[in-house]
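Report on one structure; see the data block that follows.
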Amino acid sequence: MGVEKPRFTPVTLSKDDVRRTYARLSNIYDFWSFLTESKTVNKALQLANIKNGESILEVAVGTGLVFERIVSMNENGRNEGIDLSPEMLARAGKRLKKRFSNYALKVGDAYSLPYPDGTFDLIINSYMFDLLPEKDFSPVLLEFKRLLKPGGRIVITSMTPARRWYSRIWDWLVRKAPNILEGCRPISLEEDVKQSGFKNIREEYISQFTFPSLILYAEKP
Ligand SMILES: C[S@@+](CC[C@H](N)C(=O)[O-])C[C@H]1O[C@@H](n2cnc3c(N)ncnc32)[C@H](O)[C@@H]1O
């Protein structure tokens, strides 16, 4: 019996690659997001069940499409957004400053977040784990867990392997041309969330214009 091969080519994006990639994509990212992710974001926010007044962190805030919604739902709370890419963050800042003031945006790295233990009620993260090497899933999840209060929630959305025949085109595309989505590929994060000690795990599969995403909701015990 041979060793089982990974279903998709592992990504090898370094953090500098990520910064370079998103410096380049920052101008067009919103269009891609509108086509493939907007429906998923609505569902993720529904699962997050934000209560106005909470302490919320979005990791990999990108151009602020989700963060804008978070801040509007949490006007009396604390809203923090972090991203590795200054160019994506600059877009987020431009979007937010027109309407809000109760937020902070910082350049930062999901692997080592600049907050004390137990700071947040909720951490939201969309389409970042699908760029990371698999060996880093657990360490990053544990960093999220460190920052949550007991009972705190995570809502993580990623590209996922197709569960409907019409979405298999994406699995095929990524297998044939691993760089076509700039390092993004379908991943399965469910087991890592469980192994990292989260409880009450729920998942929601969504496809938008055939693009397959999985939202994972879980709580810190
Ligand atoms: C595909 S975009 C998603 C942006 C946003 N979450 C959304 O859904 O619109 C991926 C984002 O993850 C950020 N990113 C990747 N690795 C990161 C890391 N280690 N720490 C923080 N942000 C990271 C990138 O800079 C980029 O803005």
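Miscellaneous remarks
- Selection count, segment 100-133, where residues are hydroxyl-bearing (Ser, Thr, Tyr), more than 13 Å from the chain's Cα centre (by Cα) and surrounded by 21 or more Cβ atoms within 10 Å (Cβ to Cβ): 1
- Complete set of residues in segment 107-122 that are more than 10 Å from the ligand (Cβ to nearest atom) and part of a strand (DSSP E or B): Phe120, Asp121, Leu122
- When Glu182 is tested against (1) acidic (Asp, Glu); (2) within 30 Å of Asn74 (Cα to Cα); (3) in contact with a helix residue (DSSP H, G or I) (Cβ under 8 Å, 6 or more places away or on another chain), just one condition goes unmet, and that condition is (2).
- Set Arg69, Arg19, Arg24: member being of a type outside the set (Phe, Trp, Tyr), exposed (fewer than 14 other Cβ atoms within 10 Å of the Cβ) and assigned to a helix (DSSP H, G or I): Arg24
- Selection within segment 24-54: residues that are of a type in the set (Asp, Glu) and out of contact with any helix residue (DSSP H, G or I) (no Cβ under 7 Å at 6 or more places or on another chain). The member of this set that is farthest from the ligand (Cβ to nearest atom) is Glu54.
- Some residue of segment 17-24 being of a type outside the set (Ser, Thr, Tyr) and under 24 Å from Glu204 (Cα atoms): no
- Residues (in contact with a Lys or Arg (Cβ under 7 Å, 6 or more places away or on another chain) and either part of a helix (DSSP H, G or I) or surrounded by fewer than 14 Cβ atoms within 10 Å (Cβ to Cβ) (or both)) located in segment 202-221: Pro221
- Complete set of residues in segment 190-201 that are surrounded by 14 or more Cβ atoms within 10 Å (Cβ to Cβ) and more than 21 Å from Pro139 (Cβ to Cβ): none
Rule-based calculations on the coordinates, nothing more; no lab input. Model, not experiment: these values are computed from the prediction. For neighbour counting, all protein chains shown are included, and Cβ atoms are generated from backbone atoms with ideal geometry for every residue, glycine included.
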